[in-house]
Amino acid sequence: MVPAGEDNRSGGGSILRIIAFNIHLGEHEEEIAAYLAGQLKQSGVVVFLLSEADRWHSRTSDRHTARNLAERLGLTMAYGAEFVEYSDKTPDRQGASGNAILCNCALRDARIVRHTIAYDWKKFGKFTDSARDGGRMALIADVPVGYGAVVRVVSAHLENRSDGRGVRNRWTILSKRSTTGRRS
């Protein structure tokens, strides 16, 4: 872990790189870890915005994929579950998928903003073998980048079964909530 406001690669946080990555459940964790490790070799603060990160689901051998990546690479992590998956075969706990933020410095004030329901996965997902409970969401956190500066980052996973108007409405709400700091 790197202390808040310090950067372990550039000596002052002068470079910030943000990489958004849909890791598709973390099914290829070894390859994902190798890619992320390669990005960490470059200087600066690095933030990974991950979507579709499985947590304790049988399809990914009951792993918490985002936590595994964070621990393996020495990163801080925030995670928010998007859906509880009914297709999970693990008897003792229900698997989930969600968003994560991984960073090589401290994360502050992490929170979830839930989107309005655009597609009822619990009702209609059973027809596509994707029955689940929950809904699309965004994970927000503040990243201290040095010299007292803070950057707010958002790992958003918008509904893929929505029209342009629905996506625009969600972005409008999300941008307001992420800039005002209002919790949801």
| Would it be correct to say that Arg111 is modelled with pLDDT of 80 or more and among the basic types (Lys, Arg)? | yes
| Test for Lys176: is it of a type in the set (D, E, K, R) and at pLDDT below 70 | no
| Can you tell me which residue in the stretch 46-82 is surrounded by the most Cβ atoms within 10 Å (Cβ to Cβ), limited to those that are closer than 13 Å to Gly98 by Cα and small (Gly, Ala, Ser)? | Ala53
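The values are calculated or read from the model by the stated rules, or taken from the named source; none is laboratory data. Keep in mind the model is a prediction, meaning the values are calculated, not measured. With ideal geometry, Cβ positions are generated from the backbone for all residues, glycine too; neighbour counts draw on all protein chains shown.
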